[in-house]
Amino acid sequence: MLKLYDYELSGNCYKVRLMLAFLGLTYKQILIEFYPSKQHKSQEFFKINPLGQLPVISDQDILVRDAQAILIYLAAKYDRQKRWYPTRNPAMIAQISEWLFFANDLTSTSSAARLHDGFFYTDIRIEECRKRAHELFRVLDEHLYFNEQQGYSWICHSKNPTIADIACFPYIILSEEGGISRINYPAIRRWCDRFKRIPHFTVMPGVFPAGPDKTLDK
């Protein structure tokens, strides 16, 4: 059985739980306390991930670390229809890869601001993080708007969501917890609503189900 080393309030762990839910996979959840005990920095956990980071997936004798890498692994192995990560489409893989790197930038900005405000991290340059996060949000909002004009509802030029959407969603939807408002990003808000309507979508603390199905502002 798959094992997920998990922390409920982590956006990166949430990405993996979303992927597991969308694929309908069962797994054993092993809770690692990130705050306040910092169990992920313990000597015991270093044996699982020497980088001291969450999440980690164990699949029989395979350990996969890093949220984006886990998304690739799960989609490549368990998505029989190859919708989430279309391995036979090099152009789509390239698009997805670009946005996985973008998701890493969200982690270092939007997520970092959330760590500052909610987890009392004092070594974060909070105003720089927020400024850079808004720059990233503007890029994504414009990208999503032009995708909509071309008939695409998702980050990549695909009829269905991909792991690029999963990778970017958590630290967008949790941005308000780091003092980063989404009010000026209508295309992002529409995309978030669409994402919440994906079958088997699951929530986490701070993330709520989609509201009534209606046309959002454009």
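Values in this text are rule-based calculations from the coordinates and carry no lab data. Source: prediction; values computed, not measured. Reconstructed Cβ throughout: ideal geometry from the backbone, glycine too, with neighbour counts over all protein chains shown.
Can you pull out the trypsin sites (Lys or Arg not before Pro) in the range 101-144 that DSSP calls coil and that have at most 15 other Cβ atoms within 10 Å?
Counting only loop positions with at most 15 other Cβ atoms within 10 Å, the trypsin sites (Lys or Arg not before Pro) in the range 101-144 are R125.
Would you pull out the residues with amide H under 5 Å of I30's amide H, same chain only if 5 or more places away, H placed 1.01 Å from N?
Distant-sequence amide H within range of I30: L4, Y5, D6.
Can you give me the convex hull volume of the Cα atoms of the range 2-78, divided per residue and expressed in Å³?
About 80 Å³ per residue, rounded to a whole number.
Determine by what factor the alpha-carbon radius of gyration of the range 137-218 differs from 2.2 N^0.38 Å, reporting the quotient.
1.03
Tell me the Kirkwood hydrodynamic radius of the range 106-180 in angstroms, computed as one over the mean inverse distance between distinct C-alpha pairs.
13.1
Pick from A69, A187, A91 the residue whose mean-square fluctuation is largest in a GNM of the chain, springs joining Cα atoms under 10 Å.
Residue with maximal mean-square fluctuation among A69, A187, A91: A91.
I want the antiparallel fraction of DSSP beta bridges within the chain, as a percent rounded to 5.
Percent antiparallel among DSSP bridges in the chain is about 60.
When the dipole is taken about the Cα centre of the range 42-112, and only Lys, Arg (+1) and Asp, Glu (-1) are charged at their Cβ, what size is it in debye, to the nearest 20?
320
Given N residues in the chain, what is its alpha carbon radius of gyration divided by 2.2 N^0.38 Å?
1.00
What do you get for GluC sites (Glu not before Pro) in the range 74-153 restricted to DSSP loop and a cutoff of at most 12 other Cβ within 10 Å of the site's Cβ?
none
Greater than 30 Å separation of Cα atoms is the criterion. Which listed pairs, K15/K82; K3/K38; K38/K82; K3/K196; K47/K131; K15/K159, meet it?
Table pairs above 30 Å Cα-Cα are K38/K82; K47/K131.
Any idea how far apart T87 and Q150 come out in nm if each label point goes 7 Å out from Cα toward Cβ?
2.6
Cut-off 10 angstrom, C-alpha nodes, Gaussian network model of the chain. Which of I183, I173, I57 fluctuates the most?
Highest fluctuation among the options: I183.
Rounded to the nearest 0.05, what FRET efficiency do F46 and R182 give with R0 = 45 Å and r taken as the Cβ-Cβ distance? Could you check?
Here the calculated transfer efficiency is 0.80.
Assuming R0 = 22 Å, what is the FRET efficiency of K77 and T26, from their Cβ-Cβ distance, to the nearest 0.05?
0.90
Rounded to whole Hz and in sequence order, give me ³J(HN,Hα) for the range 176-191 from the Karplus expression 6.51 cos²θ - 1.76 cosθ + 1.60, θ = phi - 60°, writing x for Gly and Pro.
4, 6, x, x, 10, 6, 9, 4, 8, 10, x, 5, 5, 5, 5, 5
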